[in-house]
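Have a look at the structure below before the remarks.
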Amino acid sequence: MVDVSTNQFLCMTEVEVYGAEYSGPAQLNATGITASSTKYSNYAAENLLDGDYSSDFCTQEDSGRYAVIDLGDVYEVTELWVWGRDETSSFYLNQMQNMKITVAMLESAIDDDDSLCVYRDGAPAAGENRPEVFTCTSSMIGRYVKVSMVESAIDDDDSLCVYRDGAPAAGENRPEVFTCTSYMIGRYVKVSMVDVGSGQFFCLAEVEVLGYGAEEISKAALTGKCCQ
């Protein structure tokens with residue numbers, strides 16, 4: 001899990017939004033853009049839509065690092081093509097860490113639970129950021145598209161798999177099976193104890209995560225790394 005420091009800024013060169021019009025998928029023409037902040041006057045958000053791959057948009061180093069694109073009408077959004085800066089060092093690649101794409105009918109709903117198009121953890125690999133193609137994990141209908149850098153998505157409202165209140169009954173904890181209440185797509189799984197006294201510690205013997213691999217149709221145990 002990559003956490004973005006508070007002194008990191010978001011920086012991109014160009015964004016193209018793809019979706020379905022009546023004639024089929026095509027690049028959608030944006031009519032406007034707003035941003036959380038602009039680092040310098042020549043790094044304005046409008047640079048993301050000018051067709052010039054040498055002009056950049058960069059935010060200030062703050063917690064609200066994003067740009068919201070207004071498509072002018074409602075579309076089915078399928079992909080975003082995002083150009084990072086034309087550099088390959090980690091300094092520049094880290095300016096596209098923890099990218100979260102959301103889509104909504106109303107700009108005021110752009111951070112709602114059901115607005116998530118796709119999330120990519122960490123920074124892109126060198127050479128994979130011109131462009132980096134973000135494909136929505138489900139059908140997204142909306143007018144507004146938000147591209148943001150987030151500190152971490154593991155505690156977002158739409159990341160909840162399941163919650164069990166209280167303690168398990170005797171004999172029900174070896175193993176205790178937690179089944180997600182909805183369809184969950186992701187790389188990281190967080191198991192946590194919440195809202196307990198400060199003197200209580202968290203203790204487990206083993207965790208096994210079951211799910212579907214990207215190219216598998218049968219359920220299988222997934223391997224991973226622990227812990228934070």
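Our coupling estimate for the range 191-201, obtained by passing each phi through the Karplus curve with A = 6.51, B = -1.76, C = 1.60 and θ = phi - 60°, is 10, 9, 9, 10, 6, 10, x, 5, x, 8, 10 Hz, Gly and Pro reported as x. Placing +1 on the Cβ of every Lys and Arg and -1 on the Cβ of every Asp and Glu, with nothing else charged, gives the chain a dipole about its Cα centre of roughly 520 debye.
When each of the peptides 113-123, 94-104 is scored by the mean number of other C-beta atoms lying within 10 Å of its residues, the order from highest to lowest reads 94-104, 113-123. Between MET140 and VAL77, the built amide H atoms are under 5 Å apart, and every one of these is 5 or more places off in sequence or on another chain. For the range 100-225, the equivalent ellipsoid built from the Cα gyration tensor has semi-axes of 31, 19, 15 Å, listed from largest to smallest. Couplings 3J(HN,Hα) for the range 96-113, derived from phi with the Karplus relation 6.51 cos²θ - 1.76 cosθ + 1.60 (θ = phi - 60°), are 10, 6, 6, 7, 10, 10, 10, 9, 8, 5, 10, 4, 5, 9, 5, 10, 5, 4 Hz, where x marks Gly and Pro. Over the range 108-182, the alpha carbon radius of gyration divided by the compact-protein estimate 2.2 N^0.38 Å works out to 1.55. Of the peptides 77-86, 151-160, the ranking by mean beta-carbon count within 10 Å, highest at the top, reads 77-86, 151-160. From the Kirkwood radius over Cα pairs of the range 47-122, Stokes-Einstein at 37 °C and 0.692 mPa s returns a whole-number translational diffusion coefficient of 230 µm²/s.
Subtracting the Cα-Cα distance of ASP113 and VAL209 from their residue separation scaled by 0.36 nm leaves 32.2 nm.
Using r as the Cβ-Cβ distance of SER152 and THR88, and R0 as 22 Å, what FRET efficiency do you calculate, to the nearest 0.05? It comes out at approximately 0.30. Only DSSP H runs of four or more residues enter the estimate; each adds -39500 (n - 2.57), and after division by the residues of the chain the mean residue ellipticity at 222 nm equals 0 deg cm²/dmol. Farthest towards the positive end of the charge dipole of the chain, among the residues GLN27, ALA169, GLN8, is the Cα of ALA169, using unit charges on the Cβ of Lys, Arg, Asp and Glu. If contacts are Cα pairs under 8 angstrom and at least 6 residues apart, what is the relative contact order of the chain in percent? Once normalised by length, the contact order is 19 percent.
The charge dipole of the range 24-95, taken about the Cα centre with unit charges on the Cβ atoms of Lys, Arg (+1) and Asp, Glu (-1), comes to about 180 debye, rounded to the nearest 20.
Counting only protein heavy atoms and a probe of 1.4 Å, the accessible surface of the chain is 49% carbon and sulfur.
Write down the accessible area per residue of the range 60-157 in Å², having rolled a 1.4 Å probe over the full set of protein chains. Walk me through the numbers on the way to the answer.
Values: 4370 Å² over 98 residues.
Heavy-atom SASA per residue in the range 60-157 reads 45 Å².
The values are calculated or read from the model by the stated rules, or taken from the named source; none is laboratory data. Treat the numbers as computed from the prediction; the structure is a model and nothing was measured. Positions of Cβ are generated from backbone atoms using ideal geometry, with glycine treated the same way; all protein chains shown enter the neighbour counts. Side chains included, ligands, DNA and RNA excluded: accessible areas come from the protein's heavy atoms. Shrake-Rupley method; radii C 1.70, N 1.55, O 1.52, S 1.80 Å.
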